[in-house]
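Enquirer: Here you go, one structure.
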Amino acid sequence: MFDLEKTGPVPSDLGARQIFTGVRVPLMRLFEEASSLGQSLQGRRFIDCVIHGPCVVVPGADTRFEDCSLGDAHGDVGNLFLRAVGPMITGAIPLNGCVFEGCLFIGVGYAGDDRFIEAFTSPLRVAKA
């Protein structure tokens, strides 16, 4: 699990790195640097990292969040999620095939359709009860 006191700085090779362990990761900057190298964020792995925005992400079906804190929900986990009104989501960071293990998310929103949000929030709401 992340430890803010022991979390390292943002890696200098942010855009090229595929595996991140115990560091700070500004997602928008990672997305911009990877894009400048002609890469996506697909398949990257994050272990015990502090992942921060501000940003909105669209996790793919193959993206996993294991033992993570998704952020401050201000009393309702639904506050972290945005519903897509149309068939596409424009302006968000796509996360396909990524794995997040033991990470802390700060200032990150999660967007998707009704099915995605229900599937994602149902276990969280049950765990809270």
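The values are calculated or read from the model by the stated rules, or taken from the named source; none is laboratory data. Everything numeric in this text was worked out from a predicted model, so none of it was measured. Cβ sites come from the backbone with ideal geometry, for glycine too, and all protein chains shown count toward neighbours.
Enquirer: From the set of residues in the range 78-101 that are surrounded by fewer than 18 Cβ atoms within 10 Å (Cβ to Cβ) and touching a residue at least 40 places away in the same chain (Cβ under 8 Å), which is farthest from Phe31 (Cα to Cα)?
Expert: Gly78
Enquirer: State whether one or more residues within the range 35-52 are under 22 Å from Thr7 (Cα atoms), β-branched (Val, Ile, Thr) and touching an Asp or Glu at 6+ places or on another chain (Cβ under 9 Å).
Expert: yes
Enquirer: Restricting the search to the range 1-46, which residues are touching a Lys or Arg at 6+ places or on another chain (Cβ under 7 Å), more than 23 Å from Asp62 (Cβ to Cβ) and in contact (Cβ under 8 Å) with a residue 24 or more places away in the chain?
Expert: The answer is Thr7, Gly22.
Enquirer: Across the range 64-109, what is the total count of residues that are under 16 Å from Gly43 (Cβ atoms) and of a type in the set (Lys, Arg)?
Expert: Number satisfying all stated conditions: 1.
Enquirer: Oh, and also: Please state which of the following conditions Leu30 fails to meet, knowing it meets all the rest: (1) in a strand (DSSP E or B); (2) among the aliphatic types (A, V, I, L, M); (3) closer than 24 Å to Lys6 by Cα.
Expert: (1)
Enquirer: Going by the conditions given, is Ile106 more than 26 Å from Glu5 (Cα to Cα), modelled with pLDDT of 95 or more and under 11 Å from the mean Cα position of the chain (by Cα)?
Expert: Considered against the rule, which asks whether it is more than 26 Å from Glu5 (Cα to Cα), modelled with pLDDT of 95 or more and under 11 Å from the mean Cα position of the chain (by Cα), Ile106 comes out as no.
Enquirer: Can you find a residue in the range 69-85 that is at pLDDT 95 or above, of a type in the set (A, V, I, L, M, F, W, C) and touching a Phe, Trp or Tyr at 6+ places or on another chain (Cβ under 7 Å)?
Expert: no
Enquirer: Okay, next question. Take the range 55-72 and flag every residue that is among the β-branched types (Val, Ile, Thr) and assigned to a loop (DSSP other than H, G, I, E, B). Step through it out loud before you land on a result.
Expert: First pass over the range 55-72, keeping only residues among the β-branched types (Val, Ile, Thr): 56-58, 63.
Within the range 55-72, Thr63 is the sole residue that qualifies.
Enquirer: Pull out all pairs, ordered by first then second residue, where Cβ-Cβ is under 8 Å, the residues are six or more apart or on different chains, the first lies in the range 49-70 and is farther than 13 Å from Gly112 by Cβ, and the second is in a loop (DSSP other than H, G, I, E, B) and aliphatic (A, V, I, L, M).
Expert: Listed by first residue and then by second, the contacts come to Val50/Leu4; Cys55/Ala92; Asp67/Met1.
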